[in-house]
Amino acid sequence: MGVGDVKRRIAEILREVTDEVWARVAWVAVDLTKELIRTGRRKIAVLADDVFQAIGLHKAVAYVKGLLGLIEYPPRSVDVVVAVVATSEGLTRREIGRHRWASHRPIWNMPRDGFIQLYGQIPGGKPPFEEVWRATGGNSKLLGELYKAGWSAEKALREIADERKITAFVKTLRDEERELLRRAVDDPDVLFTREDIPLMERLADLNLIVDALPERDPWFWAGEPPPERDPELGIGRHIAWQTPLHREAVRRALGG
């Protein structure tokens with residue numbers, strides 16, 4: 001089996017694009033990797049991006065363990081097997097993080113220089129770079145969504161609010177929690193206290209914040225770490241908003 005066979009197998013599965021199909025692709029990738037090893041491939045890299053939405057949180061640990069099995073118990077001798085799984089879901093990260101066999105490295109948004117290059121490749125008219133940077137904080141996915149929305153920050157804000165059900169979430173909060181959230185809009189680190197961890201975790205589960213940021217030493221990061229603090233972009237020492245637009249969506253839901 002060669003790479004072409006793998007591509008054809010996945011293409012066959014993707015002819016009918018449904019949630020169940022994406023889950024099958026995620027698991028088939030593990031099986032096909034085993035087949036590649038059996039047929040003599042000695043260097044293998046498996047890259048999976050946000051597959052947990054397809055396979056379900058309850059299977060996330062099993063999936064990562066399956067990839068670990070490729071590394072620890074390959075079907076035949078290999079030179080190297082690397083498996084990298086990326087997730088944007090705080091809930092999934094915490095679930096997997098309880099186990100010692102997974103090595104965790106956060107990936108932050110693009111650094112400014114790289115983001116300038118990406119911004120420069122987008123065709124047609126567009127807002128000034130500084131405006132886009134302040135809205136996205138270097139998040140490439142949000143940059144793409146802004147482009148598809150005709151550079152309308154209002155449309156992007158409504159989409160974030162609808163996807164995360166932010167208005168409904170705010171309505172569930174007690175008065176003191178709403179007040180804390182208002183303070184967190186200006187300084188997310190106010191959530192980093194023992195009594196406020198439940199609210200912090202709920203925000204992380206909604207993918208509105210990134211909690212428990214490690215030291216800014218590059219050793220602890222996959223790629224360039226964020227600045228120590230950047231109030232304009234919503235980055236604190238321990239906690240950061242996913243993007244400035246995520247923070248703004250929460251601010252509006254609070255009536256601010």
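The values are calculated or read from the model by the stated rules, or taken from the named source; none is laboratory data. Keep in mind that this is a model prediction, so the values were computed, not measured. Note that each Cβ is placed from the backbone with ideal geometry, even for glycine, and that neighbours are counted across all protein chains shown.
Brief remarks on what is shown
- Any hit, the stretch 56-74, residues being outside any helix (DSSP H, G or I), modelled with pLDDT of 80 or more and either surrounded by 14 or more Cβ atoms within 10 Å (Cβ to Cβ) or touching a Ser or Thr at 6+ places or on another chain (Cβ under 9 Å) (or both): yes
- Residue count for the stretch 164-179, restricted to those that are of a type in the set (Ser, Thr, Tyr) and part of a helix (DSSP H, G or I): 1.
- The stretch 185-210, residues that are over 19 Å from Ala253 (Cα atoms), surrounded by fewer than 16 Cβ atoms within 10 Å (Cβ to Cβ), within 22 Å of the chain's Cα centre (by Cα) and not aliphatic (A, V, I, L, M): Pro198
- Residues satisfying the stated conditions in the stretch 1-55, i.e. of a type in the set (Val, Ile, Thr) and at pLDDT 70 or above: Val28, Val30, Thr33, Ile37, Thr39, Ile44, Val46, Val51, Ile55
- Among the candidates Asp211, Asp205, Asp217, residue that is of a type in the set (Asp, Glu) and free of Cβ contacts under 8 Å to residues at least 60 places away in the same chain: Asp217
- Conditions (1) more than 18 Å from Arg252 (Cβ to Cβ); (2) assigned to a helix (DSSP H, G or I): number failed by Arg182: (1)
- Ala161 vs. criteria surrounded by fewer than 16 Cβ atoms within 10 Å (Cβ to Cβ), assigned by TED's automatic domain parsing to the domain that holds Ala240 and either among the basic types (Lys, Arg) or assigned to a helix (DSSP H, G or I) (or both): no
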